[in-house]
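Below is one structure; the comments refer to it alone.
What follows draws every value from the coordinates through simple rules; no lab data is involved. Not measured: the values here are computed from a predicted model. Glycine gets a Cβ as well: all are built from the backbone with ideal geometry, and neighbour counts include every protein chain shown.
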Amino acid sequence: MDVPLLKRVCNYAHWIPITQGLHLAFFTEHFPGWQWNDFVPRLLKKKVLKLSGEGNASLTKLWHGLYISSDVEAIEFIPTKRGIKIEVTAINATSEPKELEKA
């Protein structure tokens with residue numbers, strides 16, 4: 001998932017689209033078999049997304065008060081037998097992506 005697609009996912013990070021199911025068609029089209037909790041809540045828990053960052057030049061604003069580091073290029077969600085592993089790729093990364101989560 002690149003940052004523009006993550007921004008579209010974060011557009012649903014509000015109780016109205018979630019409780020009314022407005023996100024379901026988007027998720028079915030772009031992420032079949034995945035759920036809302038596989039993305040934004042998990043990224044918040046792992047501190048990939050931040051809830052504040054107004055005026056911080058090192059962060060990019062997405063939607064609904066959510067921010068991500070400006071050097072993030074992509075996030076990969078990898079299903080494993082023990083859960084979902086998250087890898088973050090930085091812009092101009094010269095090494096392997098950073099593994100953030102197993103399970």
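A few remarks follow.
- Here's how it looks for Ala74: its modeled amide H is under 5 Å from those of Thr89, which are all 5 or more places away or on a different chain.
- Under 5 Å between amide hydrogens, built in the peptide plane, is the criterion, and for Leu62 it picks out Tyr67, Ile68 among residues at least 5 positions away or on other chains.
- Restricting region 1-64 to trypsin sites (Lys or Arg not before Pro) in coil, as DSSP defines it, with at most 13 other Cβ within 10 Å: Lys46, Lys47
- Here the extension length gained between Ala90 and Lys50 equals 12.8 nm, from 0.36 nm per residue of separation less the Cα-Cα distance.
- Magnitude of the charge dipole for the chain, about its Cα centre and with charges confined to Cβ atoms of Lys, Arg (+1) and Asp, Glu (-1), is about 380 debye.
- Value of Rg to Rh for region 22-87 (Rh from inverse mean 1/r over Cα pairs, i.e. Kirkwood): 1.00
- Relative contact order, whole percent, for region 34-82 stands at 25, derived from Cα pairs under 8 Å and 6 or more residues apart.
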